[in-house]
Every structure is written in structure tokens, then in C-alpha cells.
Amino acid sequence: MIRLFETHNIREQKELDGMWKFIMQGVDKEYTMPVPGCFEQHPDFLKHRGIATYSKTVYVKYDTNIRLEFKGVSHTADVFFDGEKVAHHYNAFTPFSAVIKDVEKGTHQIDVVVDNTFSEKSALHIPNDYYTYGGITRPVSMEYVGDVYIKNMHFTPSWNNGKWRAKVLVEIENLKQVEITANISIDIADTVSNKEFSALPNSVSNVEFDMEFPKVLAWDNKNPNLYMLNATLNVNNTAVDDLIDRVGFREVKVDGTKLLLNGKPVYLKGFNRHEDYATVGCAVPLQLMAGDLDLMQDMGANAMRTCHYPNDERMLDLCDERGILVWEENHARGFDLAKMQNPNFERQCDDCIREMIENHYNHPSIIIWGILNECASETDDGRRMYKAQYDRIRSMDLSRPCTSATCRHFSDICLDLEDIVSYNIYTNWYENDDIKERNNKEIDWIKSANGGNKPIIISEFGAAAIYGYRSRAREKWSEEFQADLIKESLSVYMNDTRISGVFIWQFADCRVTEEEWFHTRARCHNNKGIVDEYRRPKLAYDTVKEMFKKYGN
Ligand code: ADA
């Protein structure tokens, strides 16, 4: 399943999920591997870093153009069609596609060379406090597209003088050397609009609609009203292509220290969630994604942070349906300046931001774009890169506030660049202090460092507990200690009117790389989950449930 709804009625789409042929460089054996999937789930590759080739033959029903879409390959992909290279992509967490023109009817072969090794070529996937898996880890599809087709569509709602309006921007690509006269028809919430346009040869055309919707119901975390948005492309009065998405009418704004959803202050009670599950790695199937949200909502959460990378779009679809408010961020965790100065870093970050926004723009659940978790925001060159990334986001989307989770306490020089100030704070885990006093010091400093008069979010706090380790001494690493710290922290943070939201670190235990992290991560896991990697609840589960229900709207 690619999305939680059909994205085409006219365009033919075939999902390529299933068993693919698999060979691993240096291993003299042929396997079949599930797609989506991580090759680490196979006993021969439990912690393997290498270069593998996935292969599949497909039958193309007509002489046509085909479009291959990969929702995620970890972490570098080179795609070949009948032996010809048609795509290269870096980063496990953003989609990419390839259009292959003039394909003959018949059987063809797709080969995907997948690389999950660490090297200087990979500035974002490095040994880290989460695991970089290997594989075609998200869904793959093959589509038949005509000489002109709909490449993308962005929906921007706004509330104007007591009514909802929306701009719809449709991107159409002409694959032919000749100009094509065409018509785009938009249908949403019983409102239809049409526009003629001319698709210039070998080019992408943009057609924009500005429409009014006097009767629609707003989307918010309590009433997540969704509408299907259908775009149909007509040539010579024949429907030749279409694209369907699902959208919501909502506005998110910052007003002084308040985060507003549809004009009303909203308090975020959230979790940080890695895409990681004990038996399937990062290739988390829909049923386990839904299960994670069931548990988060059972604990009273209304928000989720996609730490530290763009998420599988089916998770965002689930958040749209459930009214879960999402902070989605680009792929970055804990890069000091030296790592940020890797020659590939800036381009790889920019590609990730662009692909994240291009593909996830229409999700009403995404209310915040984040960048560069705990990177070198205390340095001048770091600031240059932070600014460039905020500029990139704002060049693509002015409808959402931006932020970055910092740990450069009392030294950050980038607070003026963001719309929301967010910080990760582990009082009484990494450093012992009075939680309330330490937080007051943090906020007092923020106000002195150009972070004043902005909403404040505590993007991470928490403690580790080994599942099943119970101790009447309630010492660190016990479930009791974790529950105590969560309770004390939430009673401070959720009672501080200067704070607009909290994200607990973290929802579930996740695997980390053995390289560089084994010594501070028992079991080679980050054990700060409120549930373990099998989603078995720790004592803190009921503490979170009690506290989230007690405080916050
Ligand atoms: C940082 C980081 C998280 C995780 C956390 C921890 O805040 O953003 O990814 O590593 O620390 O568990 O220490």
C-alpha cells in the first residue's frame, strides 16, 4: 500500500511490493527479499553494511512511458531499467521517481543497487543514536504516464474574512518535443474549476487555482475533517491523467508566544518517534504504524515529532485522519561543525528539505517544519547553514512555522532565525538539577538571546529504562526512575504557561549503531522509550497517560 487512499482513477498504477531477487556484494548466494523490507531482518545480514542488488521483472502492457516511484531506499539507490541507469538517490527518508520514455510492451527488468555503508559520501547517514538500515524500505510503484502528465499538486488553505479559501498549484510535465494544449480540472468539496493552458515542449507547466469554499469544515486535532482533491488533465476533451490527494482546511500561525491552530492557541502533548520496530527495522508496516498511534493516543498525545527525518507518508496519512499534529524535520541528528562541513552535507540537507516539502506539503497534520536537530548552532558557519535551510523552507512554504531542536544551551546564536524556539533538555538524566529552576534559567537565557516573544517547545526530555528492570531503589535505568522523572518533568513543563508544547523522548526504544554508540547505549538501543522496541509498556506508560490527561488542552 502506497497511501491510505487511491491517488489515481485514470492513471494506471501497479504496486511492486513483494519478493524481489537479492544478492549482496561479497556473498556467493542468491536470496529473495521482501519489499518493503530491511535486509537486516534476514539472519545472514543482521548488522550487515554493504551493497546489495534487488531485482524484479515487470510486464509493461502497452508501448508507453512509465514512471517508477520509490518511497524510500536506505540509504543510497541506483536504479537501472533493462540495464540502463535511470535514477540515483541519497537518503533513506524521502521519495524519488524516474520517468522512462517510450518503453515497449513486454517484459522488462528493474535492478536497484542499495548501499547502507558509511563513508564521507554519506554526510547524513552516519554512526548514530538510531540505526541506518539497508533495503528498499518503503513501497515502490510503477505507473503508465502519457506524453503529458500531472507531476505534482500543492494545496494551500487560508481563512479570509470568515471563509476558507485555497490555492491549488498543479505541475504538469510535457515529455514531447511539441507544444500540447490541455485543460486542468480541479474538483474538491463539491467545487469544480477548469483552466486551459499550453504545455510547452519538454517542460513543466504550473497552473494555479484560487478558490473559495464557504461550506467546508475546518481540520483540527479534535475534528480532522478531510476532503479529496481531484485534479484531472484533459487533452482534446479526453481525460488522459489524474492525481488525487487528501487535504484539510486549517491554518497554523505564530502570534507572539502562542502557537495558533485556526486562530486558537494549541498545546502540543507529543512523542518523538523513530521509524524502528524490533522485527522489521525501519520498514514499519501500516498495521504497526497504526498500533504506535493507538498507543500514543491511549496515553493522551495529540502530537508527534518525526525525529530525525521525514516519515513514511502512510504515517502522515494516519496523522491526517486522527488529528495528530506533526513536527516533521529534515534528516539530521547531532552534527558538530566538522560533520556539517562534510563537502556533501549542505547539498544532501537541501535535497532532503526540498523532497520533504515537495512530497508532504498537502498533509494538514504537518504544522511545523524542523531542521538540524542538535547541530552546530553555536557557530558562525553553522548559523550560515541554518539560515540557508530556513530560507529554503520559506522559499517553498510560508504556511507553516519553522524551528530546530537545539542543545546548545546558553550558546546558541540561531534563535533569531526560527519562528519557534525548541530545546532538548535532560535534567536529572545527563545533569542533576532542580527541574523547575533549570528550566527557568533556560527560558531566561532564551529571552536574552533573541529568542524572546516566540512560542517555546520542549522538543525532548526523558530518561532511559531497561524494560523489565524494576528496582525499589528507583535508581537510574530502572522503570521506576524513568516514571518518576517523566512525572516530575511534565508537572513542571505542562504547568509553565510560557511553553506551548512538549515531546517526550521517546515513544519506543530504538536500535542504534554499534559503531561509536555501544558504550553508552545498553543493548545497542536507545532505551528512553516509554515502550520497548516490541511496544511493551514500561511503568512510565501509565504515568504519561495520567499526566497528559491531567494537563494541557
Ligand atoms: C538528543 C538527540 C536524540 C537522542 C537523545 C538521547 O537529544 O536529539 O536523538 O540521542 O539526545 O537519548 O540522549
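If only one of VAL254, VAL266, VAL216 is of a type in the set (Val, Ile, Thr) and under 28 Å from ASP350 (Cβ atoms), which one is it?
On the way: VAL266 fails: under 28 Å from ASP350 (Cβ atoms); VAL216 fails: under 28 Å from ASP350 (Cβ atoms).
Just one listed residue meets the conditions, VAL254.
I'm checking my understanding of the structure. Among residues of the range 60-82 that are assigned to a loop (DSSP other than H, G, I, E, B) and in contact with a Lys or Arg (Cβ under 6 Å, 6 or more places away or on another chain), which one is surrounded by the most Cβ atoms within 10 Å (Cβ to Cβ)?
Taking the range 60-82 and keeping what is assigned to a loop (DSSP other than H, G, I, E, B), we get 61-63, 71-73, 75, 82.
Going one step further and asking which of them are in contact with a Lys or Arg (Cβ under 6 Å, 6 or more places away or on another chain), we end up with 62-63, 71-72.
On the way: TYR62: 12, ASP63: 10, LYS71: 22, GLY72: 28.
This residue is GLY72.
What about ILE186, is it in a strand (DSSP E or B), among the β-branched types (Val, Ile, Thr), within 27 Å of ASN344 (Cβ to Cβ) and more than 16 Å from the ligand (Cβ to nearest atom)? I'd like the intermediate steps shown before the answer.
On the way: in a strand (DSSP E or B): yes; among the β-branched types (Val, Ile, Thr): yes; within 27 Å of ASN344 (Cβ to Cβ): no; more than 16 Å from the ligand (Cβ to nearest atom): yes.
No; evaluated as a whole, the condition is false for this residue.
Please state which of the following conditions TRP327 fails to meet, knowing it meets all the rest: (1) assigned to a strand (DSSP E or B); (2) more than 16 Å from the ligand (Cβ to nearest atom).
(2)
For the subset of the range 1-28 comprising residues that are out of contact with any strand residue (DSSP E or B) (no Cβ under 6 Å at 6 or more places or on another chain) and free of Cβ contacts under 8 Å to residues at least 40 places away in the same chain, which member is nearest to LEU318 (Cα to Cα)?
This residue is GLY18.
Take ASP484 and decide whether it is within 24 Å of the chain's Cα centre (by Cα) and surrounded by fewer than 21 Cβ atoms within 10 Å (Cβ to Cβ). Don't jump to the end; show me each part of the working.
On the way: within 24 Å of the chain's Cα centre (by Cα): no; surrounded by fewer than 21 Cβ atoms within 10 Å (Cβ to Cβ): yes.
So ASP484 fails the test.
ARG536 versus (1) surrounded by 18 or more Cβ atoms within 10 Å (Cβ to Cβ); (2) more than 16 Å from TRP429 (Cβ to Cβ); (3) in contact with a Phe, Trp or Tyr (Cβ under 7 Å, 6 or more places away or on another chain): which is the lone unmet condition?
(1)
Can you find, within the range 302-324, the residue that is nearest to the chain's Cα centre (by Cα) among those that are of a type in the set (A, V, I, L, M, F, W, C) and either at pLDDT below 95 or assigned to a strand (DSSP E or B) (or both)? Explain how you work it out, then say what you get.
First, pick out the residues of the range 302-324 that are of a type in the set (A, V, I, L, M, F, W, C): 303-304, 307, 315-316, 318-319, 324.
Subset that is either at pLDDT below 95 or assigned to a strand (DSSP E or B) (or both): 303-304.
Values: ALA303: 13, MET304: 10 Å.
Filtering first and then ranking leaves MET304.
Under 7 Å between Cβ atoms, which residue pairs at least 6 apart in sequence (or on different chains) link something in the range 471-499 that is not assigned by TED's automatic domain parsing to the domain that holds ILE420 with a partner that is part of a loop (DSSP other than H, G, I, E, B)?
Pairs that qualify, where the first residue is not assigned by TED's automatic domain parsing to the domain that holds ILE420 and the partner is part of a loop (DSSP other than H, G, I, E, B): there are none.
Looking at (1) away from the ligand (no atom under 15 Å from the Cβ); (2) surrounded by fewer than 18 Cβ atoms within 10 Å (Cβ to Cβ), can you tell me which one GLU355 breaks?
Single failed check for GLU355: (2).
Looking for whichever is part of a strand (DSSP E or B) and surrounded by fewer than 16 Cβ atoms within 10 Å (Cβ to Cβ) here; the options are LYS85, LYS121. Which one fits? Show your work before the answer.
Details: LYS121 fails: part of a strand (DSSP E or B).
The match here is LYS85.
Against the conditions (1) without any contact (Cβ under 8 Å) to a residue 60 or more places away in the chain; (2) part of a helix (DSSP H, G or I), where does ASN359 fall short? Just the number, please.
(1)
Restrict the check to the range 465-474 and report whether at least one residue is surrounded by fewer than 17 Cβ atoms within 10 Å (Cβ to Cβ) and under 23 Å from LEU259 (Cα atoms).
Within the range 465-474, none of the residues are surrounded by fewer than 17 Cβ atoms within 10 Å (Cβ to Cβ) and under 23 Å from LEU259 (Cα atoms).
List the pairs whose first member sits in the range 433-453 and is in contact (Cβ under 8 Å) with a residue 24 or more places away in the chain, whose second member is among the charged types (D, E, K, R) and assigned to a helix (DSSP H, G or I), and whose Cβ atoms are under 7 Å apart, counting only residues at least 6 apart or on separate chains?
Between residues of the range 433-453 that are in contact (Cβ under 8 Å) with a residue 24 or more places away in the chain and residues that are among the charged types (D, E, K, R) and assigned to a helix (DSSP H, G or I), the close pairs are ILE435/GLU488; ASN450/ASP416.
So which residues in the range 9-59 are of a type in the set (Gly, Ala, Ser) and outside any loop (DSSP other than H, G, I, E, B), if there are any at all? Outline the logic, then answer.
Step one: of the range 9-59, the residues of a type in the set (Gly, Ala, Ser) are 18, 26, 37, 50, 52, 55.
Hits for the range 9-59 are GLY18, ALA52, SER55.
Taking the conditions exactly as written (buried (at least 17 other Cβ atoms within 10 Å of the Cβ), out of contact with any helix residue (DSSP H, G or I) (no Cβ under 6 Å at 6 or more places or on another chain), over 16 Å from GLN109 (Cα atoms) and not polar (S, T, N, Q)), does PRO36 satisfy them or not?
Details: buried (at least 17 other Cβ atoms within 10 Å of the Cβ): yes; out of contact with any helix residue (DSSP H, G or I) (no Cβ under 6 Å at 6 or more places or on another chain): yes; over 16 Å from GLN109 (Cα atoms): yes; not polar (S, T, N, Q): yes.
The answer is yes for PRO36.
Got a sec? Which of HIS89, HIS154 is closer than 16 Å to GLU355 by Cβ and outside the structural domain of ASN202 (by TED's automatic domain parsing)? I'd like the intermediate steps shown before the answer.
Details: HIS154 fails: outside the structural domain of ASN202 (by TED's automatic domain parsing).
None of the other options fit; the residue is HIS89.
Got a sec? Which of ARG347, ARG354, ARG314 is within 27 Å of TYR423 (Cβ to Cβ) and charged (D, E, K, R)? Step through it out loud before you land on a result.
Values: ARG347 fails: within 27 Å of TYR423 (Cβ to Cβ); ARG314 fails: within 27 Å of TYR423 (Cβ to Cβ).
Going through ARG347, ARG354, ARG314 in turn, just one is within 27 Å of TYR423 (Cβ to Cβ) and charged (D, E, K, R): ARG354.
Identify all residues within the range 330-352 that are away from the ligand (no atom under 16 Å from the Cβ) and outside any helix (DSSP H, G or I); write none if there are none.
Scanning the range 330-352 gives GLN341, ASN342, PRO343, ASN344.
How many of the residues in the range 419-438 are touching a Ser or Thr at 6+ places or on another chain (Cβ under 6 Å) and either over 24 Å from LEU261 (Cβ atoms) or away from the ligand (no atom under 16 Å from the Cβ) (or both)?
Step one: filter the range 419-438 for residues touching a Ser or Thr at 6+ places or on another chain (Cβ under 6 Å), giving 420, 422-424, 433, 435, 438.
Remaining after also requiring either over 24 Å from LEU261 (Cβ atoms) or away from the ligand (no atom under 16 Å from the Cβ) (or both): 420, 433, 435, 438.
Of the residues in the range 419-438, 4 are touching a Ser or Thr at 6+ places or on another chain (Cβ under 6 Å) and either over 24 Å from LEU261 (Cβ atoms) or away from the ligand (no atom under 16 Å from the Cβ) (or both).
Looking at the range 132-139, can you tell me whether even one residue there is within 16 Å of the ligand (Cβ to nearest atom), assigned to a loop (DSSP other than H, G, I, E, B) and modelled with pLDDT of 95 or more? Even if it seems obvious, please write down each step before you answer.
Of all residues in the range 132-139, those within 16 Å of the ligand (Cβ to nearest atom) come to 132.
After this cut, where a residue has to be assigned to a loop (DSSP other than H, G, I, E, B) as well, the list is 132.
Narrowing further to those that are modelled with pLDDT of 95 or more: 132.
Looking through the range 132-139, at least one residue is within 16 Å of the ligand (Cβ to nearest atom), assigned to a loop (DSSP other than H, G, I, E, B) and modelled with pLDDT of 95 or more.
For the range 229-247, does any single residue satisfy the condition of being assigned to a loop (DSSP other than H, G, I, E, B), in contact with a strand residue (DSSP E or B) (Cβ under 6 Å, 6 or more places away or on another chain) and surrounded by fewer than 20 Cβ atoms within 10 Å (Cβ to Cβ)? Can you show your working first?
Here is the first cut: in the range 229-247, the residues assigned to a loop (DSSP other than H, G, I, E, B) are 236-237.
Restricting the remaining residues to those that are in contact with a strand residue (DSSP E or B) (Cβ under 6 Å, 6 or more places away or on another chain) gives none.
No, the range 229-247 contains no residue that is assigned to a loop (DSSP other than H, G, I, E, B), in contact with a strand residue (DSSP E or B) (Cβ under 6 Å, 6 or more places away or on another chain) and surrounded by fewer than 20 Cβ atoms within 10 Å (Cβ to Cβ).
The values are calculated or read from the model by the stated rules, or taken from the named source; none is laboratory data. Bear in mind that the values here come from a model prediction, so they are computed numbers and not experimental data. Methodologically, a virtual Cβ is constructed for each residue, glycine included, from the backbone with ideal geometry; neighbour enumeration extends over all protein chains shown.
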